[in-house]
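Worksheet for the structure shown next.
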Amino acid sequence: MSTSKNRIVILGAGYAGIFLATNIARSVAEKSGEVILIDRNPYHQLLQEIHLVAAGFRTADEVKIPILTLIDRMNIKFIQSAVKQIMPDKNLVVLESTEINYDLLIVCLGASTKYFNIKGAKENTLPLRSISDASLIYDKVSALIKSNKKHNIVIVGAGATGVSLGGALSDFINESKKKSDRLSITIIEALPTILSGWDERLVKKVNDVLHEKGIRIMTSSAVARVENDGDGGDGSSIYLSDSDSKIHSSLTIWTAGVKGYDIPISPDVEKTKDGKIILNEFCQLGRYPNIFSIGDIAAVKDENGKLYPPLAQIAVREAKYLSKLIPKYVIADRANLSSLPLDEKFEYNIKVQLISLGNDDYVGLFNNHVISGNLAKLVEEFSMSAYIKTLESGGRDIMNTSLYGDDIFSHLASGITFARFTFMKWLEKKT
């Protein structure tokens, strides 16, 4: 290429993309690099909180952060456009609005809803993958609450999204007082347990909370097909694989799985059956050493050979990892990127599991102990506060950035920061 700067292009401003962009901007500026961030939306979505939008406990604006606000005075150029195609042989990304060349590309386009080729699932259910999805669900549920008829809301999929949504919608319905006895919530899961892969102690606690909220949970219940009731509304019949019975639903929400965002790459690169880009242990595309991928679209294996799960904390950790690795590329000879030695592969063991089960309900696993109530809520608030401050500071806030480190200093600094955060919250209540 003829450009004098190394051009680093980041596709997607989700948890992985925005964290990476803001954390490498300073280092890249010092090495005469150019960072370009591309997303179809002008805002960063706090997807971990969109279930609260669906239940009316957050507004859409409260879970949006304008990208230009986050990157103000940083060495980042933002382009709002949809990505149409990646052409690795030409170092080219085709956007809806233009084309752009790159020296280094990081694909962070996230995931989309997976329907498992189940007949009628896509046509007769609502997904929950964006703020607009959440707003639509809120409108639909509000209409059911106002109705004088009995209704059953069915959530298909008992992963983190489905479980969080169920708890939040239950609180929404119960707060409607006299209307609450007319609406019920059912969560259907194909696997034998909710929150598959999570710590068993935490799963038991979550089960208890959901039952206390009056939510019906059906595990080992795979959906065979979903049929519209034909009355012109959102009602549907859900047929299960292991029985001839059907479940009537006034509103069906699909949270049963995700797949890698469908982006054409020409020539083709290797992907999993779920459309995730297969990468090496450095989050790198083997055939094209100047392409990396992180977040939900990335297929990276852990030390046991299993793919890392599609969680926000994994996406952020991968971004933190690349924010240290990429400056090495910036100062490298672009013609010899394939020979650049990489000596530290991505590794991360999940140490904290935390899940929202309603407006004010959180359950988690922290320091190998199940937590709930005010402590779990405080840990969630602290994590979100540290995440936002790390974005805003571009990684300059050492105390908050240390939350994403695994060394002794990071553990100590995180503990000090959490103690300070807790004290400030206590002072707020006192005043």
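The values are calculated or read from the model by the stated rules, or taken from the named source; none is laboratory data. Everything numeric here is computed off the predicted structure, so don't read it as measured data. Virtual Cβ from ideal backbone geometry, glycine too; neighbours counted across all protein chains shown.
Numbers for the structure displayed
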{"item": "Pair list, Cβ under 7 Å, 6 or more apart: region 69-80 residue more than 9 Å from Val35 (Cα to Cα), other residue surrounded by fewer than 17 Cβ atoms within 10 Å (Cβ to Cβ)", "result": "Gln80/Arg40; Gln80/Pro42"}
{"item": "Residue match in region 256-263 (condition: farther than 30 Å from Ser323 by Cβ and among the acidic types (Asp, Glu))", "result": "no"}
{"item": "Tally, over region 241-259, of residues that are outside any loop (DSSP other than H, G, I, E, B) and touching a residue at least 40 places away in the same chain (Cβ under 8 Å)", "result": "9"}
{"item": "Glu96 vs. criteria more than 21 Å from the chain's Cα centre (by Cα), of a type in the set (Asp, Glu) and outside the structural domain of Glu392 (by TED's automatic domain parsing)", "result": "yes"}
{"item": "Residue check for Ala25: under 17 Å from the mean Cα position of the chain (by Cα) and small (Gly, Ala, Ser)", "result": "no"}
{"item": "Residues (in contact with an Asp or Glu (Cβ under 7 Å, 6 or more places away or on another chain) and surrounded by fewer than 16 Cβ atoms within 10 Å (Cβ to Cβ)) located in region 244-273", "result": "Pro267"}
{"item": "Region 198-240 - residue that is part of a loop (DSSP other than H, G, I, E, B) and in contact (Cβ under 8 Å) with a residue 60 or more places away in the chain and, of those, farthest from Glu123 (Cα to Cα)", "result": "Asp199"}
{"item": "Evaluation of Leu195 against (1) within 23 Å of Gln48 (Cα to Cα); (2) in a helix (DSSP H, G or I); (3) not β-branched (Val, Ile, Thr) (one fails), failing number", "result": "(2)"}
{"item": "Enumeration of residues in region 102-124 that are of a type in the set (Lys, Arg) and more than 29 Å from Ile10 (Cα to Cα)", "result": "Lys119, Lys122"}
{"item": "Answer residue from region 296-306, given it is in contact with a strand residue (DSSP E or B) (Cβ under 8 Å, 6 or more places away or on another chain) and of a type outside the set (A, V, I, L, M, F, W, C) and is farthest from Ile8 (Cα to Cα) among those", "result": "Lys301"}
{"item": "Leu365 being in contact (Cβ under 8 Å) with a residue 60 or more places away in the chain and not assigned by TED's automatic domain parsing to the domain that holds Glu212", "result": "yes"}
{"item": "Qualifying residue in region 271-278 (condition: touching a helix residue (DSSP H, G or I) at 6+ places or on another chain (Cβ under 9 Å) and at pLDDT 95 or above)", "result": "no"}
{"item": "Odd one out for Ile38, checked against (1) of a type in the set (A, V, I, L, M); (2) touching a Gly at 6+ places or on another chain (Cβ under 7 Å); (3) modelled with pLDDT of 95 or more", "result": "(2)"}
{"item": "Check on Arg182, of a type outside the set (A, V, I, L, M, F, W, C), over 22 Å from the mean Cα position of the chain (by Cα) and modelled with pLDDT under 95", "result": "yes"}
{"item": "Leading residue by the ranking (surrounded by the most Cβ atoms within 10 Å (Cβ to Cβ)) among those in region 80-93 that are touching a Pro at 6+ places or on another chain (Cβ under 9 Å) and part of a strand (DSSP E or B)", "result": "Ile86"}
{"item": "Candidate set from region 286-305 (those that are at pLDDT 95 or above and assigned to a loop (DSSP other than H, G, I, E, B)); member that is surrounded by the fewest Cβ atoms within 10 Å (Cβ to Cβ)", "result": "Val300"}
{"item": "Helices (runs of 4 or more DSSP H) contained in region 15-79 and holding at least 2 residues surrounded by fewer than 19 Cβ atoms within 10 Å (Cβ to Cβ)", "result": "15-30, 67-70"}
{"item": "Test: residue in region 403-421 that is at pLDDT 85 or above and surrounded by fewer than 17 Cβ atoms within 10 Å (Cβ to Cβ)", "result": "no"}
{"item": "Options Asn23, Asn75, Asn6; residue that is at pLDDT below 95, under 18 Å from Ile388 (Cβ atoms) and in contact with a helix residue (DSSP H, G or I) (Cβ under 6 Å, 6 or more places away or on another chain)", "result": "Asn23"}
